[in-house]
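Here's the structure, in structure tokens; my notes come after.
The values are calculated or read from the model by the stated rules, or taken from the named source; none is laboratory data. All figures in this text were calculated on a predicted structure; none of them were measured in a lab. Protein only, heavy atoms only, side chains kept; ligands, DNA and RNA dropped before computing areas. Shrake-Rupley method; radii C 1.70, N 1.55, O 1.52, S 1.80 Å.
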Amino acid sequence: MREIKFRFWDKDLKKMCHRKPLTYDFSVENIIPLQFTGFKDKNGNEIYEGDILGDWEVVDGKKVQSRMQVFFNDKLGQWMLDCSSEQDKSTSYALFKEIEDFEYEIIGSIYEK
């Protein structure tokens, strides 16, 4: 069975909060709940909605780190990885398949810049 977990971005504190959900967490404007995807990165860290994943590739002879956002696609009913260059979700792939094929690690989140 998939584990349902959340962490929370507090807009006022500009801080990620790792704790058990409180009743008001899902109805207060300044708190953004972010769901655990059920997947882990190459280092064993839990991947949450809004995380930025990266891997290294060689482009024009230089080592470059990719940056791709994790999001849930309601239409497809699955976690996706935004692979578009503009990060506008125009090109995305199923997270479960990407995690299987590449060694991604969490390099940030869309909230922590």
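When the chain is treated as a GNM with alpha-carbon contacts under 10 Å, the residue of 97, 75, 40 showing the greatest mean-square fluctuation is 75.
Per-residue ellipticity at 222 nm, computed for the chain from helices alone with -39500 (n - 2.57) per DSSP H run of at least four residues, works out to -1500 deg cm²/dmol.
Can you give the translational diffusion coefficient of the chain in µm²/s, computed by Stokes-Einstein from the Kirkwood radius over Cα pairs at 20 °C and 1.002 mPa s? Calculated translational D: 143 µm²/s. In this structure, the pairs whose alpha-carbon distance is over 21 Å, taken from 40/97; 15/63; 15/113; 42/97; 89/113, are 15/63.
With all protein chains in place and a 1.4 Å probe, the accessible surface of region 7-113 carries 48 percent carbon and sulfur. Average accessible surface for the chain: 67 Å² per residue, computed with a 1.4 Å probe over protein heavy atoms with every protein chain in place.
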